[in-house]
Amino acid sequence: GNTACRLAGDEFMVVLPDASSPEQVIRQCETVMAEFRRPFDIEGRQLFMSLSIGAAVFPDHALDAEILMRNADTALFESKRAGPGHFRVFHPDMNTRLMAYVSTRNALHVALERKEFELHYQPQIGLKDADVVGVEALIRWRRPGQPLHQPGDFIAVAEESGLIVPIGTWVLHEACRQAAHWHRTGWHTVRMAVNVSPLQFQSGTLVKDVAAALEDSGLPPRCLELELTESVLMGKEEEAICTVRDLKNLGISLSIDDFGTGYSNLAYLQRFRFDRLKIDRSFILGLEQGTDAPAIVQAVLQMARHLNLRTTAEGIENASTASRLTDMGCDEAQGYHYARPLPAPALDRWREAFLQQATV
């Protein structure tokens, strides 16, 4: 007694005339999900397929067929955000979240056109010689009439909408331009670290974009470091290995960021030619809290040394933690103990004061 039809592309609609409550719809969704967990036998091959479901119920969610379908589509959007293999039943709050998403996405389009983004730079300190060895470029959004937006305010929407790719390309070019300026004005040891998102890494244009940023800015390749997370490398591993190889052939360095927060697959450290390992701040904060963090950090540092990887600790908030990491053999540190992310002119002033203090 149910009706199924194909709307367009890979999107289908099922009408359940006897399901008159959200609870009944939920049971139907669970039944469909269970069926799709089983493989499809196609010409002797077992194929698996995932799906996302969004549902709306008459009359709870709408009295009009068009609005009912629109609300089901809104619920489908929410289920896709949760990842493959989920379903969601419509709730009015979803419209609020969807409108916020659409508003931010549209504003990001405008921000790219109007050049509303800017970079701030957080210094990275060599622990043995107290020298400023590099900076990490961190994006900010100066939206007209609003306070300065931090990445947490918009990066998730940029990722979901695909805008992270052009935004990431802009970051890459601007960071290389600034690093080249510092290099020309005498800071020859500067190393510019730039974060790369999974979508940007998988776009197929990253190697070309890096080469163009280096050529346009004149920055020596050895002065650029890309920071990759484990999630960037998961999935199509052979393709990822080829991309990493091509990036390394440009002469840049690579670091694995937030190490210890994901799967911490040690095979990645063997298969990919990383130069640096960044220890996540959650472990660094635990150094002063009597947890197992000291043993974990020490083990990571020893492993990195055996693999000839340099190490950077993130989230240093006091001198005690910095001293302890120095004793443990960590190479570099980054955190509020030294400086918050700063615009380039402010970083110049901070660096001059830091170097003067270090020589006193």
Matching entry among GLU113, GLU43 (being open to solvent by 20 Å² or more (accessible area, probe 1.4 Å), within 30 Å of the chain's Cα centre (by Cα) and of a type in the set (Asp, Glu)): GLU113
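Are any residues in region 322-335 open to solvent by 20 Å² or more (accessible area, probe 1.4 Å) and more than 26 Å from the chain's Cα centre (by Cα), and if so, which ones?
If the condition is that a residue be open to solvent by 20 Å² or more (accessible area, probe 1.4 Å) and more than 26 Å from the chain's Cα centre (by Cα), then SER323, ARG324, THR326, ASP327, MET328, GLY329 are the ones that fit.
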Every pair of residues 6+ apart whose Cβ atoms lie under 8 Å, when the first sits in region 266-284 and is closer than 20 Å to ILE241 by Cα while the second is modelled with pLDDT under 90 and of a type in the set (D, E, K, R): TYR268/GLU230; ARG271/GLU237; LYS278/ASP257; LYS278/ASP258
Scan of region 10-27 for residues that are closer than 14 Å to PHE58 by Cβ and surrounded by 11 or more Cβ atoms within 10 Å (Cβ to Cβ), ordered by number: MET13, VAL14, VAL15, LEU16, ALA19, SER20, PRO22, GLN24, VAL25
In region 214-251, the residues that are at positive phi and either surrounded by 17 or more Cβ atoms within 10 Å (Cβ to Cβ) or modelled with pLDDT under 85 (or both): GLY235
Residue pairs meeting the criteria (Cβ under 7 Å; at least 6 apart or on separate chains; first more than 14 Å from GLN334 (Cα to Cα), in region 299-320; second aromatic (Phe, Trp, Tyr) and open to solvent by less than 40 Å² (accessible area, probe 1.4 Å)): VAL300/PHE259; LEU309/PHE274
Selection count, region 57-93, where residues are modelled with pLDDT under 85 and either in contact with a strand residue (DSSP E or B) (Cβ under 6 Å, 6 or more places away or on another chain) or within 19 Å of ASP153 (Cα to Cα) (or both): 2
Any hit, region 164-174, residues being assigned to a loop (DSSP other than H, G, I, E, B) and open to solvent by 30 Å² or more (accessible area, probe 1.4 Å): no
Leading residue by the ranking (nearest to the chain's Cα centre (by Cα)) among those in region 189-204 that are at pLDDT 95 or above and not aliphatic (A, V, I, L, M): ASN195
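To keep it simple, each residue is scored yes or no on (1) touching a helix residue (DSSP H, G or I) at 6+ places or on another chain (Cβ under 7 Å); (2) buried (at least 17 other Cβ atoms within 10 Å of the Cβ); (3) at pLDDT 85 or above; (4) closer than 30 Å to LYS236 by Cβ.
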site: PHE283; (1), (2), (3), (4): yes, yes, yes, yes
site: PRO294; (1), (2), (3), (4): yes, no, yes, no
site: SER320; (1), (2), (3), (4): yes, no, yes, no
site: HIS337; (1), (2), (3), (4): yes, no, yes, no
site: PRO341; (1), (2), (3), (4): no, yes, yes, no
Total residues in region 42-54, condition without any contact (Cβ under 8 Å) to a residue 24 or more places away in the chain and either in a loop (DSSP other than H, G, I, E, B) or more than 30 Å from VAL89 (Cα to Cα) (or both): 7
Residue satisfying all of: in region 343-354; at pLDDT 95 or above and small (Gly, Ala, Ser); nearest to the chain's Cα centre (by Cα) among these: ALA344
Qualifying residues in region 56-73 (those that are surrounded by 15 or more Cβ atoms within 10 Å (Cβ to Cβ) and in contact with a His (Cβ under 9 Å, 6 or more places away or on another chain)) - the one nearest to ARG6 (Cα to Cα): ALA72
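How many of the residues making up region 55-97 are charged (D, E, K, R), without any contact (Cβ under 8 Å) to a residue 24 or more places away in the chain and either touching a Gly at 6+ places or on another chain (Cβ under 6 Å) or in a helix (DSSP H, G or I) (or both)? Outline the logic, then answer.
Initially, region 55-97 is screened for residues charged (D, E, K, R), giving 60, 64, 66, 70, 73, 78, 80-81, 88, 93, 97.
Still in the list and also without any contact (Cβ under 8 Å) to a residue 24 or more places away in the chain: 64, 66, 70, 73, 93, 97.
Okay, now just the ones that are also either touching a Gly at 6+ places or on another chain (Cβ under 6 Å) or in a helix (DSSP H, G or I) (or both), so 66, 70, 73, 93, 97.
Looking only at that region, the number is 5.
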Of all residues making up region 304-318, the number that are more than 25 Å from the chain's Cα centre (by Cα) and either assigned to a helix (DSSP H, G or I) or surrounded by 15 or more Cβ atoms within 10 Å (Cβ to Cβ) (or both): 2
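The values are calculated or read from the model by the stated rules, or taken from the named source; none is laboratory data. Keep in mind the model is a prediction, meaning the values are calculated, not measured. No Cβ is skipped: glycine too gets one built from the backbone with ideal geometry, and neighbour counts run over all protein chains shown. Protein only, heavy atoms only, side chains kept; ligands, DNA and RNA dropped before computing areas. Shrake-Rupley method; radii C 1.70, N 1.55, O 1.52, S 1.80 Å.
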